[in-house]
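Comments concern the structure below.
Read-outs: derived from the displayed coordinates by stated rules, not from any lab. Values in this document were obtained by computation on a predicted structure and should not be read as measured data.
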Amino acid sequence: MNTTVSLIQRIVKIAVGLAMLSYLFIGEGDIKYMGLIGLAPLISGITNSCGGATGCRTDFREREES
């Protein structure tokens, strides 16, 4: 897994994950289980990994010049 996640990205992932996970407790009916989707960004933010996504690259300065 890629570990090039900045501090701001980690904070945003954890906040979004907690917000989504909170729907599990405030939602009604079977749709409340959609809040479990919040586990993905929460775990990704806590473990400081990119989770396999390619959009987490932060080393933009290392580009090949031709």
- Query: For all pairs of alpha-carbon atoms in the range 7-46, what percent lies in each bin of width 5 Å, listed from the first bin to the last filled one?
  - Reply: 7, 31, 27, 17, 10, 6, 2, 0
- Dividing the mean separation of Cα pairs under 8 Å (6+ apart) by the residue count of the range 7-46 yields a relative contact order in percent of 53 percent
